[in-house]
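S.K.: Got a structure here, written out as structure tokens. Questions coming.
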Amino acid sequence: MGKIDELDIIEVQRAPSPSTGASFFRAFRETGRGLATTFKQLFQKPLTMQYPEEKTPVYPRFRGRHKLHKFEDSDLEKCVGCSLCAAACPADCIRVVAAENDPDNRVSAGERYAAVYEINMSRCIFCGYCEVACPFDAITMGHDYELSDFNRSDLIFTKEMLLADPIERTPLRNEDE
Amino acid sequence: MPRPEENIITLTVDGRDIQAVDGAMLVDAAAGGDIEIPVFCYEPKLGGPVGACRMCLVEIEGIPKLQTACSTPVKDGMVVHTQTDRVKEAQNSVVEFILLNHPLDCPVCDKGGECPLQDVSFGYGRGVSRFTEPKRHFVKPLALSPLIAIDRERCILCYRCVRFSQEISEDHQLVLLERGAATFVSTFDGHPYVAPFSGNIIELCPVGALTSRAYRFRARPWDIEGSGTVCNLCPAQCNVTLTVRDDRVLRVLARDNEGVDDGWLCDKGRFAYQATHSDERITQPLVRDGDRLRPATWERAIQVASGVARHDGAVGAIVGGETTNEEALLLGNYLRNTLGSNDIDSRDGGALSAGLLRALADPKIQATVPDLEYAHTVLLLDVDPVDDAPVLDLRIRKGARRNDMQVLVASSRPTALDPRAAQAVRHAPGSAASMVLALDAALNGDGAAGTHAANAGADGAEVRALVEALEQSGEDIVIVVGERVTDGPAGEAAGQALLRIAAKLGLGERDGAGILEIPRGTNGRGLREVGAVPTAGPGLADLATAGRSSTEIATAAAAGDITALWLVHTDPVRDSQNKDLWIKAIAKAGLVIAHASTLSPELAEHANVVFPAESGAEREGTITHPDGRVQRLRKAIGAPEQVKPAGAVIARIAEIGSSVDLGASVGPAATEAVARAVPFYEHLTAEEIGGRGIRWQEREAAANLQPGSSTGETVAPQPAASPNGALRLGTFRSIWASPEVEISPALKFLSRTPSAELSPEDAQRLGVTNGNSVEVAGVSATARIRSDVPTGNVFIESGVAGGASLPADGELVEVKPR
């Protein structure tokens with residue numbers, strides 16, 4: 001260590017030492033504000049929902065579990081297995097294998113039908129692009145969001161599961177809600 | 001016809017200066033300058049433009065009306081506009097017009113996603129149609145053939161398929177019926193369109209009107225991956241792209257290679273991929289257990305096969321045409337260096353001396369495939385391209401149609417190219433060697449020509465006329481030689497005569513002239529060059545002692561001199577004419593090892609161990625085209641679990657049986673081993689071969705081929721027998737006579753049954769009508785009466801499942817109605 005240069009010495013400027021009252025106020029003002037909010041909420045009706053007994057209602061255009069549709073009059077599947085949903089899918093979770101319709105035993109209205117239609121729900125991001133891409137309105141997004149399971153492979157939904165009438169267990173939100 | 005000279009000119013398209021070949025069509029010239037002009041009917045592969053669809057209308061300065069760019073040749077200084085309002089209005093209107101009757105069923109259509117009509121409508125259409133009237137309706141979908149579905153509603157009448165049928169394959173089956181809006185594509189009388197090249201129209205169709213029934217609804221373009229490889233079902237070795245989905249081959253598309261296939265495929269190449277996924281294919285090792293083959297573990301199979309080491313000096317190997325260079329080299333090395341045997345063969349017709357093989361491989365006298373299109377004359381010597389290397393048939397037709405090439409034929413059986421030929425000379429079956437000697441003698445003005453012609457059972461005057469046509473046609477002559485020419489004891493003499501003909505005609509002095517030898521097996525040329533022949537080692541090198549040829553191996557095995565037979569990708573019971581000899585051979589041999597996908601019943605009865613063979617889509621390695629182009633087979637899909645590469649199996653057997661390390665057995669390292677072993681493949685790597693292959697004659701290393709001359713013993717060919725009530729036997733193998741066809745569901749309807757072709761005169765004399773069952777040399781066959789079969793001959797189809805043993809070609813056989 002050499003000799004300290006005179007120019008290196010800086011005089012530290014300090015604030016005037018605060019009074020006791022002022023420092024108390026500074027330390028507990030924000031805490032008090034927070035506690036006030038808490039105490040206010042104590043007298044409010046609770047927002048907690050008793051899930052799964054109670055469920056959050058969803059808006060009509062909520063994008064939940066997919067549904068495949070049939071024509072109501074002829075009971076033929078609307079899906080022709082064109083794979084456009086699989087092409088549109090950003091998560092690559094749809095797999096379609098098409099096959100040719102037997103004219104005597106039709107599955108769909110067109111020449112082809114989906115022999116295999118699988119959606120891997122553990123990969124799906126529920127973007128709804130499949131619904132947009134479908135030229136026959138064969139796939140739509142439903143309201144069900146309860147998709148957890150104990151096994152990954154059970155989350156691959158087959159055509160039969162998607163065609164079956166879904167259990168409507170999710171309440172819809174009313175207009176004014 | 002020498003290749004046309006190319007004169008470069010400059011034209012202006014959309015304000016940009018573009019260099020193009022004078023006379024090229026405007027569409028191509030613009031594409032060369034990165035300007036896209038939409039087209040439907042234009043396809044340069046189909047020959048001249050037709051201007052049927054009007055999609056390519058452009059504005060050319062100085063011409064008041066819009067012009068079709070596909071049929072307007074460019075000239076220097078032309079100024080073209082493709083983006084003006086007039087052009088856009090025309091394009092919009094044409095798209096709207098084409099879509100009037102087009103059912104917009106894209107989600108159902110197989111073409112959807114890879115459809116030029118979709119692309120053009122999207123790029124150049126108005127987006128809406130004013131047409132509200134009902135569209136035209138046809139019954140759909142209909143089967144145009146068992147392979148092709150036709151949907152006439154989707155057809156936009158571009159004429160592509162009809163032009164293909166009329167002008168490329170020249171089967172003249174497809175036509176447009178009716179007129180105006182009612183026009184539709186069909187065969188004239190509605191019969192199914194079955195032809196060797198019919199599948200190409202599926203690929204040509206710019207809409208989904210013609211679709212493959214085998215691929216129908218299997219996948220969409222975004223589900224699949226393309227994987228380029230080479231078809232290994234025949235010596236034409238067409239370049240293909242396999243369509244793969246979920247590790248399964250679903251479709252085969254052509255991969256245009258001007259030097260090999262010109263962008264066409266035969267139906268076998270296009271549909272026989274199904275054999276890969278057939279249930280009938282062998283997919284696990286089988287080991288003999290008592291009287292039958294049973295599935296076994298790999299360890300057990302290798303252990304049984306490694307018993308081959310105990311048959312030291314008494315091992316014979318037959319290498320089938322599908323074997324790659326790498327596999328054949330490994331097997332040859334093991335046999336020659338460790339097992340002390342030179343008895344390895346890949347040909348069926350007897351051995352030629354190494355010197356002759358080298359002389360025939362001389363780079364100077366090799367013709368290339370494109371030479372078939374630009375030559376002055378193509379001479380076919382006992383070869384029918386449509387059966388032996390199908391896609392070359394289209395190439396020769398192209399040359400004859402577009403370049404006025406002269407086609408000459410000298411063969412025993414009438415060929416498909418006869419109607420195209422200026423002259424077709426027939427000789428007796430099995431007498432091709434005499435025919436070549438006659439041609440040689442006639443070229444040299446030798447008096448022996450008449451004798452040789454008589455020996456060949458041919459007309460001397462016809463032979464002289466053929467030679468005259470050959471001499472007067474121009475310098476570029478390509479001689480296409482079938483393997484039958486060098487078959488038998490007289491093969492050596494025929495080979496020498498062939499070399500003399502080549503020298504006399506000066507084939508070595510010109511680039512566009514030469515000899516193109518079509519082997520029977522896919523990789524016949526490569527197998528010969530890596531030493532899978534009894535007389536030559538790798539690189540066609542001389543051997544101290546020559547081994548035995550395939551027939552000699554069979555004879556020795558039947559006599560007990562050879563005790564172990566190794567059959568790599570071949571089933572001689574099926575492929576060889578002398579079935580009985582082979583059955584005796586495999587029954588007598590102590591150890592029969594087979595690498596196979598399917599087995600004939602006889603081989604299944606006698607083989608000791610069978611290794612499942614990889615299919616073409618699963619195989620890796622190099623094969624050599626008949627014109628010397630080394631091409632790469634690339635793995636497109638994973639093989640079934642129990643299927644291993646033949647190279648690895650051979651190496652493992654050597655390791656277990658003889659404790660020998662054969663070196664790299666698969667992959668690029670094995671290719672390098674081939675390049676080290678064959679002097680004229682020196683330094684050849686997988687990278688250099690690339691996707692298009694490379695002709696070894698065009699590389700520097702070609703100079704490493706030692707010059708050679710025939711050292712073999714020449715045997716004069718036997719004179720052809722004269723039919724005295726009995727008929728001369730000839731054989732042919734149709735492209736459909738293969739196990740792949742039989743186990744592919746789509747092609748099954750084409751699989752062959754034994755048939756006998758007779759001339760109408762002989763048929764009448766014998767009291768046989770078409771379709772009757774006849775007995776030929778104790779074998780029953782269905783009679784087919786063909787007017788172009790020369791009298792006194794009967795042609796039996798070989799290579800057919802369930803076919804029987806036959807005498808050699810040219811022998812007299814009794815034909816009796818049954």
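The values are calculated or read from the model by the stated rules, or taken from the named source; none is laboratory data. Bear in mind that the values here come from a model prediction, so they are computed numbers and not experimental data. Every residue, glycine as well, gets a Cβ built from its backbone with ideal geometry; the counts of neighbours run over all protein chains shown. Quick note on the areas: whole protein, heavy atoms, side chains included, nothing else; ligands and nucleic acids left out. Shrake-Rupley method; radii C 1.70, N 1.55, O 1.52, S 1.80 Å.
S.K.: Give me the distance in nm between label points sitting 7 Å out from Cα along the Cα-to-Cβ direction at residue B:709 and residue A:38, one decimal.
M.R.: Each label point lies 7 Å from its Cα, and together they span 11.1 nm.
S.K.: Give me the distance between the Cα centres of region B:27-70 and region B:537-605, rounded to whole Å.
M.R.: About 58 Å separates the Cα centre of region B:27-70 from the one of region B:537-605.
S.K.: Which value, in debye to the nearest 20, describes the size of the charge dipole of region B:45-107 about its Cα centre when Lys and Arg Cβ atoms bear +1, Asp and Glu Cβ atoms bear -1, and nothing else is charged?
M.R.: Values: 6 positive and 7 negative charges, 42 e Å.
Value, rounded to 20: 200 debye.
S.K.: Another question about this same structure. Just how much of residue B:25 is accessible, in Å², when a 1.4 Å probe is used and the result is rounded to the nearest 10?
M.R.: Answer for residue B:25: close to 40 Å² accessible.
S.K.: Note down the accessible area of residue B:736, probe 1.4 Å, to the nearest 10 Å².
M.R.: Residue B:736 has an accessible surface of roughly 20 Å² with all protein chains in place.
S.K.: Extending each Cα 7 Å along its Cβ direction at residue B:544 and residue A:10, get the distance between those two points in nm, one decimal.
M.R.: 9.4 nm
S.K.: Turning to a different aspect of this structure: Express in nm, to one decimal, how much length is gained between residue A:175 and residue A:75 on full extension, taking 0.36 nm for each residue of separation and deducting their alpha carbon distance. Each step should come with its number before you reach the end.
M.R.: Working: separation 100, 0.36 × 100 = 36.00 nm, distance 3.25 nm.
The residue A:175-residue A:75 span can extend by a further 32.8 nm.
S.K.: With no solvent and one equal point scatterer placed on each C-alpha of region B:422-551, evaluate the Debye formula and give log10 I(q)/I(0) for q = 0.13, 0.20 Å⁻¹, two decimals.
M.R.: Relative scattering, expressed as log10 I(q)/I(0), comes to -0.60, -1.20.
S.K.: On a C-alpha basis, how far is the centre of region B:745-818 from the centre of region B:273-344 in Å? Whole number, if you could?
M.R.: 34 Å
S.K.: Can you tell me the FRET efficiency between residue B:114 and residue B:461 if r is taken as the Cβ-Cβ distance and R0 is 56 Å, rounded to the nearest 0.05? Intermediate results must be reported in sequence, preceding the final value.
M.R.: Details: r = 56 Å, r/R0 = 1.00.
Calculated value: 0.50.
S.K.: Can you tell me what percent of all Cα-Cα pairs in region B:1-116 are more than 20 Å apart? Numbers along the way, then the final one.
M.R.: On the way: 3118 of 6670 pairs.
Taking all Cα-Cα pairs of region B:1-116, the fraction more than 20 Å apart is 47 percent.
S.K.: Moving on. What quantity of accessible surface, computed with a 1.4 Å probe and excluding non-protein components, is buried in total between chains B and A, in Å² to the nearest 100? Write out the running numbers ahead of the final one.
M.R.: Details: alone 31220 and 13880 Å², together 43880 Å².
For chain B against chain A, roughly 1200 Å² becomes buried.
S.K.: Accessible surface of residue B:528 in the full protein assembly, 1.4 angstrom probe, to the nearest 10 Å²?
M.R.: 30 Å²
S.K.: Summarise the partner chain shielding of A:93-103 as one whole number: the mean count of Cβ atoms from other chains within 10 Å of each residue's Cβ.
M.R.: Values: counts 0, 0, 2, 3, 6, 8, 3, 6, 2, 0, 0.
For this peptide, the per-residue mean of nearby foreign Cβ atoms is 3.
S.K.: What is the Rg over Rh value, at two decimals, for region A:39-177, using alpha-carbon atoms and the Kirkwood definition of Rh? Spell out each step's value before the answer.
M.R.: Numbers: Rg = 18.3 Å, Rh = 16.8 Å.
Taking Rh as the inverse mean 1/r over Cα pairs, Rg/Rh reads 1.09.
S.K.: Between residue B:504 and residue B:297, what is 0.36 nm times their sequence separation minus the Cα-Cα distance? Round to one decimal in nm.
M.R.: Values: separation 207, 0.36 × 207 = 74.52 nm, distance 5.89 nm.
Roughly 68.6 nm would be gained on extension.
S.K.: Can you pick out the pairs among B:268/B:584; B:45/B:75; B:75/B:364; B:584/B:635; B:111/B:268; B:45/B:364 whose Cα atoms lie more than 27 Å from each other? Working shown, then result.
M.R.: On the way: B:268/B:584 32 Å; B:45/B:75 22 Å; B:75/B:364 38 Å; B:584/B:635 37 Å; B:111/B:268 22 Å; B:45/B:364 30 Å.
Listed pairs above 27 Å: B:268/B:584; B:75/B:364; B:584/B:635; B:45/B:364.
S.K.: To the nearest 0.05, what FRET efficiency results for residue B:65 and residue B:142 with a Förster distance of 30 Å applied to their C-beta separation? Each step should come with its number before you reach the end.
M.R.: On the way: r = 39 Å, r/R0 = 1.29.
E between residue B:65 and residue B:142, to the nearest 0.05, is 0.20.
S.K.: For the protein assembly as shown, what is the accessible area per residue in Å², given a 1.4 Å probe and the full set of protein chains?
M.R.: For the protein assembly as shown, the per-residue accessible area is 44 Å².
S.K.: Show A:117, B:159, B:124 ordered by accessible area, largest first, where the area counts protein heavy atoms only and the probe is 1.4 Å.
M.R.: Values: A:117 5, B:159 105, B:124 45 Å².
Of A:117, B:159, B:124, the descending order of accessible area is B:159, B:124, A:117.
S.K.: Take B:132, B:451 and sort them by solvent-accessible surface of the protein heavy atoms, 1.4 Å probe, largest at the top.
M.R.: On the way: B:132 120, B:451 85 Å².
If we order B:132, B:451 from most to least accessible, we get B:132, B:451.
S.K.: Under the Kirkwood approximation for Rh and a Cα-based Rg, what ratio Rg/Rh is obtained for the protein assembly as shown?
M.R.: On the way: Rg = 35.7 Å, Rh = 32.7 Å.
Dividing the radius of gyration by the Kirkwood radius yields 1.09.
S.K.: While we're looking at this one, here's another question. Obtain the nm distance between the two label points defined at residue A:45 and residue B:816 by a simple spin-label model: each point lies 7 Å from its Cα along the Cα-to-C-beta direction.
M.R.: Taking the two extended label points, one gets 10.6 nm.
S.K.: Mind putting a number on the dipole of the protein assembly as shown about its Cα centre? Charges go on the C-beta only, +1 for Lys and Arg and -1 for Asp and Glu, and I need it in Debye to the nearest 20. Please list the in-between numbers first.
M.R.: On the way: 102 positive and 136 negative charges, 354 e Å.
For this selection, approximately 1700 debye.
S.K.: Let me ask another. Return the tail of the calculated pair distribution for region B:11-51, meaning the percent of Cα-Cα pairs more than 17 Å apart. All intermediate terms of the calculation are to be shown ahead of the outcome.
M.R.: Details: 253 of 820 pairs.
For region B:11-51, the fraction of Cα-Cα distances above 17 Å is 31 percent.
S.K.: By how many degrees, between 0 and 90 and to the nearest 10, does the Cα long axis of helix A:20-42 differ from the longest principal axis of chain A?
M.R.: That works out to roughly 20 degrees.
S.K.: About the Cα centre of chain A, how large is the charge dipole given +1 on each Lys and Arg Cβ and -1 on each Asp and Glu Cβ? Please answer in debye to the nearest 20. Don't jump to the answer; show the numbers that get you there.
M.R.: Details: 22 positive and 29 negative charges, 199 e Å.
About 960 debye.
S.K.: Continuing with the same structure: Would you mind getting me the FRET efficiency between residue B:511 and residue B:22? Use the beta-carbon distance for r and R0 = 30 Å, nearest 0.05.
M.R.: Details: r = 23 Å, r/R0 = 0.78.
Calculated value: 0.80.
S.K.: Taking the Cα atoms only, what angle lies between the long axis of helix B:85-98 and the longest principal axis of chain B, rounded to 10 degrees?
M.R.: Taking the Cα atoms of chain B, the angle to B:85-98 is about 60 degrees.
S.K.: Along each principal axis of its Cα atoms, how long is chain B end to end? Whole angstroms, biggest number first, please.
M.R.: Cα spread of chain B along its principal axes, largest to smallest: 84, 65, 60 Å.
S.K.: As I understand it, the dipole of the protein assembly as shown uses +1 on the Cβ of Lys and Arg and -1 on the Cβ of Asp and Glu, about the Cα centre. Which of A:125, B:48, B:98 lies farthest toward its positive end?
M.R.: A:125
S.K.: Multiplying the sequence separation of residue B:446 and residue B:216 by 0.36 nm and subtracting their Cα-Cα distance, what value in nm do you get? Can you show the working numbers first?
M.R.: Values: separation 230, 0.36 × 230 = 82.80 nm, distance 6.09 nm.
So the extension gain works out to 76.7 nm.
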